[in-house]
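Below: one structure, written as structure tokens.
Nothing in this text is a laboratory measurement; each read-out follows from the coordinates by a stated rule. Just so it is clear, the structure is predicted and the values come from calculations on it, not from any experiment. Backbone-built Cβ (ideal geometry, glycine too); neighbour counts: all protein chains shown.
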Amino acid sequence: MTGEYVRAWPAGQGVGLGVSRTVAAGLVGVLDDLECALTGQRRRFARRPRPLPDRRLFPDAYFDREASDAFRARYGVAMRRQVLDAVRRTAVLFVHAHDSGDDPAVVTIPEVAVPDVFCALGHAQALFVSRPRWNALVDWPTVTLRKGGRELTWLVTCQTALAEAALVAFAAGDDEPAHQS
């Protein structure tokens, strides 16, 4: 197969995410960039990525800006650690799929890992939008023409496909009757 594509489906106790080799390689690089931006490390043979302040990573917790800033001051380090851990676990899944050499590269995401992958794909979008992603004005028909536009499109498409497949995969468990004691 050629071209760029993303497809997701329910797979046993998780979700399968099939992406083209191009998308797989791009997402591995994006996850590496995000890890470097979160830790302040430099990629091998590359410049240090732009740091991501908590204000761009995490939405306001309150309507009051000062209260939100105080919340980030208290919990920002712990929230960043959770995002970094999710990014690292997600990167392992994508690297294994990419290194398989298959086309499509199939990322098998167990049910327990779906929140990690969703978190990593969502926070990685902060690398490509100038404002916080929940306030970003994106012209989707022309997004691929700008720097980082293809990667942003891949992230959003993968996150959407993952959400749709996970909802289908895990909805069957909701029909089971609650355990009576």
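A few comments on the model shown:
- Cα-based radius of gyration of region 76-125 once divided by 2.2 N^0.38 Å, which approximates compact folds: 1.21
- Sequence-distant contacts, meaning Cα pairs under 8 Å at least 6 residues apart, place the relative contact order of region 6-170 at 37 percent.
- Trypsin sites (Lys or Arg not before Pro) within region 33-136: DSSP coil, no more than 16 neighbouring Cβ in 10 Å: Arg42, Arg43, Arg44, Arg47
- Neighbours of Leu17 by Cβ distance under 15 Å: Lys/Arg scored +1, Asp/Glu scored -1, total -3.
- Residues whose amide H falls under 5 Å from that of Val107, counting only those 5 or more places apart or on a different chain, are Leu17, Gly18, Val19, with hydrogens built in the peptide plane.
- Rg/Rh ratio calculated on Cα atoms of region 6-170 (Kirkwood radius): 0.97
- Mean-position separation - Cα centroids, region 51-77 and region 97-115, in angstrom: 32
- Restricting the chymotrypsin sites (Phe, Trp or Tyr not before Pro) of region 1-75 to loop positions (DSSP other than H, G, I, E, B) with no more than 15 neighbouring Cβ atoms within 10 Å leaves Tyr5, Phe45, Tyr62, Phe63.
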